[in-house]
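K.L.:
First, the structure itself, so that you have it in front of you.
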């Protein structure tokens, strides 16, 4: 009698095919999970590096603002000596912010922000509202400037066009403005109020 576990010489059974498919699926899933973990790790590392680069740039910009305020403090000291103390205080605060940005990691800064937001939620909410209001005003002003620039460009372009190619005063701009020759605007038919009765 033949051994049922002996696979040599007989056709593969459905259970053998199922086991092979399950084994292959497990290997593919394991490989896919490893790839996803690797990609996620790479993406996280790139995001951290980008955040560190931006943090360093922000620290440099804050430091340059502090240097400008230092020079303002020197000028204020010559003109109004008592006021220079306040300007120097502002400058010192800005220098501390720059040092904090430069010396601490992004994770530490985010933890500090979270802690501050938990301790003073009203102040943070008010700051966000003010920042949103300021951003809205900035965006509106930018849109207005772009619109004004577009209108000036359009007007300048029309002035440079050869005579006769742009709309002349008194001449209709749109076809709907053109009246049938010999008729006046009052002679135009009124729009119908509904279906015509028979």
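K.L.:
What number in nm² do you get for region 21-119 if you take the convex hull of its Cα atoms and divide its surface by four?
P.N.:
9.2
K.L.:
Could you put 69, 109, 17 in order, starting from the residue whose Cβ has the fewest other Cβ atoms within 10 Å?
P.N.:
Placing the least packed residue first, the sequence is 17, 109, 69.
K.L.:
Related question: Given axes a ≥ b ≥ c from the Cα gyration tensor, I'd like to know whether region 82-128 is rounded (a/c under 1.5), prolate (a/b larger than b/c) or oblate.
P.N.:
oblate
Bear in mind these aren't lab numbers, they're just calculated from the coordinates by the rules spelled out. Every value quoted in this text rests on a predicted model; they were computed, and no experiment measured them. In this analysis, Cβ positions are derived from the backbone assuming ideal geometry, glycine residues included, and neighbour counts consider all displayed protein chains.
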